[in-house]
Every structure is written in structure tokens, then in C-alpha cells.
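Have a look at the structure below before the remarks.
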Amino acid sequence: MGLAASDLDAPAAAVELIHSYSLVHDDLPAMDDDDLRRGQPTTHRAFDEATAILAGDALQVLAFSLLARDRATGVSPEARLKMIQILADASGTEGMAGGQALDLSAVGRQINLEELEAMHRLKTGALIRASVLLAAACAPSLNAAEWDALDGYSQDIGLAFQIQDDILDVEGNTEDLGKTIGADAARAKPTYPSVLGLSAAKTRARELQRRASDRLLLLGERAKILTWLAAYVVDRRV
């Protein structure tokens, strides 16, 4: 795309800050009440709930401060503003926060595939989509068709990632994943295996991977690493 890798250091860090904040808050007793994250006690277990809330708040604010303050030479002020908007949209009611609200309201209920995918396009997919579009926003040479291809790709792998997460909650183990296995079933949370069945969930993940990869044909060799990433999303065991 004509960008230096260092031009994307700040947006990459900003995405990880938002992701970390979301995990700290997601683990809280008022949300999923998890005890283990990445093989370590969750923040509210290692410290306390107040510290976990404040840590998450601080991480979220730091992400936007980082984008606003970064002075990478290859990124224009207009692109920087667009990145802030993309990340904000992915984090709020039209993204993770809205998806988490839908997730909490679905506990103990029967929902269909359309509802499940709408929820995960927000809760999980929005930040994955943002991670692709933040880089795209820094590439002024992209045309509209290429932007749309990357947008569609990011949405497909966002859903595929969540499906594989749900599959690993059934087939994985706590040691590899660093979090408690079977927690979704224990909390009666709708998942792809519970809605579709395990075999159909695996098929759906592969369908999304293939569609995501097909979208990248327009970009040729420039998208080689993204094609690899689409495969990794559904092949991963962690």
C-alpha cells in the first residue's frame, strides 16, 4: 500500500489498548465474571473491581490519545482524524459496547443465527474490522473498490474468528487458551456450536475464510499476508 510499517505502529498499539480495555471490563463480575485471562488471574481478581474498572477506562482513553499525538510522517492529519473516528465507532454502541449489551441480553435465551451474527459483528467483528480499516485509512492510493474489498474481508474474518473462539471453548483446553474452557455453556450463552451444531459451525468458519480470501483477489500480491491471516483465524488452536 506504499506505507512504511512504522507508520502503523500507533494505530496497531491503539487497537491493542482498546482490546485490552475490553477484556478487563468483559471479565468483571457484572459482565462474564471470569477468573482467568491469558493464563493469569483477571485484573479484578489480581487486584480488585475498582482497579479493573479504572484500568480499563485508562486504557481506552490512552488509545485515542495515542492516535491524536502520533506524528508518523506518512500519515496525514485527515487520515489521523479518520482513524480516530473508525476506532471510536468500533468501540461504542455501534461496535463492541453495543455487541456486549446484546450478548448479555441473550444469556439463557434461544436466538437464531441471524441474531447471533448481528451480535458478534459488533462485539468481536467491529474491532477486527477497525484493525484492517485503520491501515487502509493511511493508504491514500487505495481506490473505492479496494477499500470495499478490505472492508468485506475484515467483516468475514471477524465472524470467522468468533466462530473459532466458540469452537475452541468446546474442543480446546484451559492450558493452551489461558482462559476457562466451557464457560460459555456454563453461563448458557448462545454460541455458534449451540445454535448451529459443532460440525456446521466449522463449515461456516471455512466458508467465511474462503469468502474473505476471494475478496482479496482484487489486491493481488499486496494482500498475501491478509490471505494467510484469514487461514490462521480458523486454523488456530489458541
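The values are calculated or read from the model by the stated rules, or taken from the named source; none is laboratory data. If you're wondering where the values come from, they're calculated on a predicted model, not measured in any experiment. Here Cβ is always computed from backbone atoms with ideal geometry, including for glycine, and neighbour counts include all displayed protein chains. In case anyone asks, the SASA skips ligands and DNA or RNA and just uses the protein heavy atoms, side chains included. Shrake-Rupley method; radii C 1.70, N 1.55, O 1.52, S 1.80 Å.
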(message) Two decimals, Cα atoms only, Kirkwood Rh: what is Rg/Rh over region 79-158?
(response) 1.06
(message) Taking the solvent-accessible surface of protein heavy atoms with a 1.4 Å probe, what is the per residue accessible area of the chain in Å²?
(response) 50 Å²
(request) Read phi for every residue in region 20-26 and hand back ³J(HN,Hα) as whole Hz from Karplus 6.51 cos²θ - 1.76 cosθ + 1.60, θ = phi - 60°, with x for Gly and Pro. (result) 5, 4, 5, 5, 4, 6, 4
(message) Just to check, using Stokes-Einstein with a Kirkwood Rh over alpha carbon pairs, what's the diffusion coefficient of region 14-57 at 10 °C and 1.306 mPa s in µm²/s?
(response) 157 µm²/s
(message) Residue by residue through region 70-82, what is 3J(HN,Hα) from phi via Karplus (6.51 cos²θ - 1.76 cosθ + 1.60, θ = phi - 60°)? Round to whole Hz and write x for glycine and proline.
(response) 4, 10, 4, 5, x, 10, 6, x, 5, 5, 5, 5, 5
(message) If I take R0 = 45 Å and measure r between the Cβ atoms of GLU171 and SER65 in this structure, what FRET efficiency does the formula 1/(1 + (r/R0)^6) give, to the nearest 0.05?
(response) 0.70
(request) Could you look at the chain and say what percent of its accessible area is carbon and sulfur, using a 1.4 Å probe and all protein chains? (result) 57 percent
(message) Quick query: amide H of ARG37 versus all other amide H atoms, modeled in the peptide plane; which residues come in under 5 Å with a sequence gap of 5 or more or a different chain?
(response) THR42
(message) Once the convex hull of the alpha carbons of region 117-156 is built, what does its volume come to per residue, in cubic angstrom?
(response) 51 Å³
(message) Show me, for region 219-230, the HN-Hα J-couplings you get by feeding each phi into the Karplus relation (A = 6.51, B = -1.76, C = 1.60, θ = phi - 60°), rounded to Hz, glycine and proline as x.
(response) 9, x, 5, 4, 9, 4, 5, 6, 5, 4, 5, 4
(message) Against the 2.2 N^0.38 Å scaling, with N counting residues, where does region 1-132 land? I'd like the Cα-based Rg ratio to two decimal places.
(response) 1.16
(request) Note the listed values [x] 120; [y] 158; [z] 191, then indicate which one is volume of the Cα convex hull per residue in Å³ calculated from this particular structure. (result) [x]
(request) Please count, across the chain, the pairs of lysine residues with Cα atoms under 25 Å apart that sit 8 or more places apart or on different chains. (result) 8
